[in-house]
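Before any comments, here is the structure.
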């Protein structure tokens, strides 16, 4: 994958790029938010590793501007250890995953590669349908009432899990394991944020709400109450 690392600490940026390059990716770095955003929009990388504490333009603003421009790059945000507020803001602004500093380089590479896997698991059906919502798993395309809906990779993966078993209620912990592969780090707030993002894109302005919360249990996709 083509990867852009936007990190203001040059030594850390070099280490991250070296680790990614050793694992078969092509990584380059920018150390300023303004320059980083310009590079994202002009170079169209597949994935961005984005520190939130940047000079020139902070990482949240970079992320917001990327999504305003409908840039499809996957984004992993880097946050300070325990900085829950910035992590949540990053996810709400359109990030796909997060990693808290300090982090093991092996985990960063694993998270990058997890985001890079698209449709790698064979499915029995390429087309999933619930009411007027349709997902083409092979083409990575989602439509509702004939209108294409743009989803981030994590949003797509979350919706795919729900649509593969319509009507089944998934707990937040199970979704965390299935989509984010965080078996030992259950972050249910992340699931809640992504469910809210999906609702905004799929159910907003419609009479039939497909993404449903089952109180004290979890979430499901179904066409009837």
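Counting the residues of the stretch 15-32 that are under 21 Å from residue 54 (Cβ atoms) and exposed (fewer than 13 other Cβ atoms within 10 Å of the Cβ) gives 1. Scan the stretch 200-218 residue by residue and report those that are within 26 Å of residue 84 (Cβ to Cβ) and surrounded by fewer than 16 Cβ atoms within 10 Å (Cβ to Cβ). Correct list: 200, 213, 214, 215, 216, 217. Criterion first (in contact (Cβ under 8 Å) with a residue 40 or more places away in the chain and assigned to a loop (DSSP other than H, G, I, E, B)) does residue 197 satisfy it? No; evaluated as a whole, the condition is false for this residue.
Within the stretch 66-94, residues that are under 17 Å from residue 149 (Cα atoms) and not assigned by TED's automatic domain parsing to the domain that holds residue 140 reach partners that are outside any strand (DSSP E or B) and modelled with pLDDT under 85 with beta carbons closer than 6 Å, at six or more positions or on different chains, in the pairs 74/115. Filtered by the rule that a residue be assigned to a loop (DSSP other than H, G, I, E, B) and over 10 Å from the mean Cα position of the chain (by Cα), the stretch 94-106 gives 102, 103, 104.
Within the stretch 127-142, the presence of at least one residue that is in a loop (DSSP other than H, G, I, E, B), modelled with pLDDT under 90 and in contact with a helix residue (DSSP H, G or I) (Cβ under 7 Å, 6 or more places away or on another chain) is confirmed.
Looking at the structure I just gave you, is residue 48 surrounded by 15 or more Cβ atoms within 10 Å (Cβ to Cβ) and farther than 25 Å from residue 163 by Cβ? Considered against the rule, which asks whether it is surrounded by 15 or more Cβ atoms within 10 Å (Cβ to Cβ) and farther than 25 Å from residue 163 by Cβ, residue 48 comes out as yes.
The values are calculated or read from the model by the stated rules, or taken from the named source; none is laboratory data. If you're wondering where the values come from, they're calculated on a predicted model, not measured in any experiment. All Cβ positions, even for glycine, are placed from backbone atoms using ideal geometry, and neighbour counts span all protein chains on display.
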